[in-house]
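One structure is given here, and the rest of the page talks about it.
The values are calculated or read from the model by the stated rules, or taken from the named source; none is laboratory data. Just so you know, these numbers come straight off a predicted model, no measurement behind them. Surface areas here come from the heavy atoms of the whole protein model, side chains and all, with no ligands, DNA or RNA. Shrake-Rupley method; radii C 1.70, N 1.55, O 1.52, S 1.80 Å.
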Amino acid sequence: MTDYFFPLHAGKITWGTKKKQKWNVSEYKSASGMRKSLVQQKYPAWVFEIEFPALDKREMDKLLAFYAQCKGSWRPFFYKDYEEYEVLGKTLVKGQDGLYQAVIPCGQYEEPAAHIDNVTMWVDGRRSKEFNVTGGKISTSMTGNITFDYEYYHKVIFANSITRTQKFYNIYKVSLALEVVR
């Protein structure tokens, strides 16, 4: 299956976009007040609430066509959040499969990246082009002190409908929400 990417440059998004983190937690409280809880997921659910304040008709039509192509929330796609998308000088852990898994940092917490691009690999402080990228993983036969620079994408679905408002002739305000899926 072909990978889909959000069709508009997220630099057109208004300031104040909301990014929510939530966890699915089951809780039980006994009659004595004792509490037991269980987390139902390994990674948090992220929701991006996005607003484009001024799209022209061509951009709006491109976005609506993409929404139709994804059939709403049916088909996942990749979205680059242009407020937080870049990792510099990161030492990654090599997995059992021999590949380096790119991560998305969130303070002291990290989760795996589904897709990365614009990758630069540094071996002992020198730039190297001897690597391959597949999705969010990097393969290389190089050894030494290896660090990476890259830009990451979130794998998302449309969380609900798209709302569009015509502001002026050929100027539209569009609101939507994206939910991270794994």
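Going down the list LYS20/LYS129; LYS18/LYS155; LYS36/LYS137; LYS36/LYS155; LYS20/LYS94, which pairs span over 28 Å between their C-alpha atoms?
LYS20/LYS129; LYS36/LYS137; LYS36/LYS155; LYS20/LYS94
Heavy atoms of the protein only, probe of 1.4 Å, neighbouring chains included. What is the accessible area of TRP122 in Å², nearest 10?
Roughly 80 Å² of TRP122 is accessible to a 1.4 Å probe.
Too long at a 27 Å Cα-Cα cut-off: which of LYS62/LYS167; LYS62/LYS90; LYS19/LYS42?
Beyond 27 Å: LYS62/LYS90.
Per residue, what accessible area does the range 36-182 have, given a 1.4 Å probe and all protein chains present, in Å²?
It amounts to 57 Å² per residue over the range 36-182.
What residues qualify as long-range amide H neighbours of ASP81, i.e. H under 5 Å apart, gap of 5 or more or another chain, H built at 1.01 Å from N?
HIS154
Using 10 Å bins from zero, what percent of all Cα-Cα pairs in the chain falls into each bin?
P(r) for the chain, in whole percents per bin: 8, 30, 28, 20, 11, 3, 0.
For the range 78-138, compute Rh as the Kirkwood radius over C-alpha pairs and then the Stokes-Einstein diffusion coefficient at 10 °C and 1.306 mPa s; write the answer in µm²/s, rounded to an integer.
The diffusion coefficient I find is 126 µm²/s.
Given 0.36 nm per residue, what is the gain on full extension from THR165 to GLU49 after removing their alpha carbon distance, in nm?
Taking THR165 through GLU49 to full extension adds about 40.2 nm, to one decimal.
Using Cα springs under 10 Å in a Gaussian network model of the chain, which residue among ILE146, ILE50, ILE138 shows the largest mean-square fluctuation?
Checking each option, the largest mean-square fluctuation is seen for ILE146.
Roughly speaking, to the nearest percent, how much of the chain's 1.4 Å accessible area is carbon and sulfur?
50 percent
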